[in-house]
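Working notes, structure below.
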Amino acid sequence: MDLPASPASPDPSVAAVSAAAISAAGGPGTSTRRYASGRQYELRRGDALAVVTELAAGLRLYSRAGTQLTESYGDADIPPGATGITLAPWANRVEDGIWYLNGKKQQLDITEVARNNASHGLLRNASYELVEESEFSVTLEAAVFPQHGYPFLLRHRVRYELEEDLGLTVRQTLINDSQEPAPFVLGAHPYLRLGEVPSEELTVTVSGRTRLVTDERLIPRSTEPVAGDFDLRAGRLAGDLDLDCAYTDLDFDGGLARSTLRAADGRSVSLWQDEHCRYVHVFVTGKFPGRTTAVALEPMTGPANAFNSGDGLGWLPAGESFTMSWGITASLGS
């Protein structure tokens with residue numbers, strides 16, 4: 001969200017080359033080559049390919065039948081605009097990095113300096129360790145250690161799996177190893193695309209009936225029913241949008257809500273999220289390296305500044321765990 005301008009970097013299509021390099025090096029997790037995003041885990045099933053990174057347990061690439069369905073980045077790059085990373089123990093922003101625990105002020109590190117916010121949790125630059133790996137799935141885990149601004153000990157476990165229908169499922173689990181309940185919001189930051197179709201030519205459909213109204217620092221101050229340019233329920237052309245906005249009151253069908261990018265020829269790619277994720281953040285930017293337009297669809301259990309507003313904020317009891325699920329599917333025709 002709110003991606004700053006970046007210097008030129010390799011075209012994101014290099015992801016396919018990167019995946020081939022991983023394969024040539026001996027398969028999942030065995031490459032001796034060094035990547036800026038750490039160890040690379042390659043999953044293949046049928047015509048589906050996913051590449052998962054050690055850094056931030058991120059999704060570097062998901063494709064079907066050679067059609068790239070997520071934005072990606074080069075071997076020497078870290079994820080631009082938080083591309084594909086997972087977010088814990090909060091998603092989005094905490095205003096001024098300040099919140100209160102039992103009346104005591106907590107000060108988090110300011111990681112979005114321009115707006116004086118703490119952004120995207122505590123594991124954005126963390127290395128995740130391998131827990132389990134198979135042909136079609138990989139599970140990674142990292143610890144959130146007690147620190148100033150967040151005095152809790154947690155584990156964030158992320159499992160990626162290519163399903164029988166070749167869709168990608170991601171399960172994020174937070175485990176509280178502390179002696180006290182810990183506040184949290186979980187989220188993820190995938191950017192979706194549809195092969196070589198310019199993303200500005202894709203129609204964005206999101207079922208949210210309510211949007212969060214933010215100030216100039218992108219901190220929510222109120223909510224309102226969607227209307228005008230913010231109403232994506234019937235679909236809007238991405239090229240007509242300038243959005244950095246969270247939605248809620250989503251339509252859940254069979255326990256899942258879906259947000260979709262659709263091409264004029266009927267092909268589509270969708271993000272789905274389960275009922276633990278009551279929010280989706282839509283970010284349409286013209287600043288993604290190598291792309292005139294990029295679209296992030298971000299599943300979240302709570303919105304920005306939940307540590308202060310309490311909206312969507314979870315409190316995980318000591319010794320217990322919480323799991324949210326989301327994933328990506330595509331309809332690519334014959």
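Phi angles across region 304-316 convert, under the Karplus curve 6.51 cos²θ - 1.76 cosθ + 1.60 with θ = phi - 60°, into 3J(HN,Hα) values of 4, 6, 4, 4, 9, 7, x, 5, x, 6, x, 10, 8 Hz, Gly and Pro given as x. Ellipticity at 222 nm from helices only: DSSP H runs of n ≥ 4 in the chain, each -39500 (n - 2.57), divided by the residue count, give -1000 deg cm²/dmol.
Derived scalar couplings between HN and Hα for region 247-260 equal 10, 9, 6, 7, 8, 9, 10, x, x, 10, 10, 10, 10, 10 Hz in order, rounded to whole Hz, by the Karplus curve 6.51 cos²θ - 1.76 cosθ + 1.60 (θ = phi - 60°), x for Gly and Pro. Per-atom-type breakdown for the chain gives carbon and sulfur 48% of the accessible area (1.4 Å probe, protein chains only).
The value obtained for the chain, namely the Cα convex hull volume divided by the number of residues, is 128 Å³ per residue.
Arranged from highest to lowest average of other beta-carbon atoms within 10 Å per residue, in what order do the peptides 323-332, 216-225 appear?
323-332, 216-225
With both residues required to sit in the chain, DSSP beta bridges show an antiparallel share near 100%. Amide H contacts under 5 Å for Leu316: Ala182, Phe184, restricted to partners 5 or more places along the chain or on a different chain, H placed in the peptide plane at 1.01 Å from N.
Distance from the alpha carbon centroid of region 285-334 to that of region 227-250 works out to 16 angstrom. First select every other residue whose beta carbon is under 10 angstrom from the beta carbon of Arg209; then total the charges, Lys and Arg +1, Asp and Glu -1. Taking every other residue near Arg209 into account, the sum is -1. Rounded if a/c is under 1.5, else prolate if a/b is larger than b/c, else oblate: which is region 267-334, with a ≥ b ≥ c the root eigenvalues of its Cα gyration tensor? Oblate, since a/c reaches 1.5 and b/c is not below a/b. Per residue, the chain exposes an accessible area of 40 Å² to a 1.4 Å probe, with every protein chain left in place. The stretch between Ile110 and Gln179, if pulled fully straight at 0.36 nm per residue, gains 22.2 nm over its current Cα-Cα span. Computed extension gain for Arg34 through Lys287, at 0.36 nm per residue and net of the alpha carbon distance, reaches 88.4 nm.
The values are calculated or read from the model by the stated rules, or taken from the named source; none is laboratory data. A quick note: this is a predicted structure, and the numbers were derived from the prediction, not measured. So basically every Cβ, Gly included, is an ideal-geometry build from the backbone, and we count neighbours across all protein chains shown. Side chains are part of the model used for accessible areas, which takes the heavy atoms of the whole protein and leaves out ligands, DNA and RNA. Shrake-Rupley method; radii C 1.70, N 1.55, O 1.52, S 1.80 Å.
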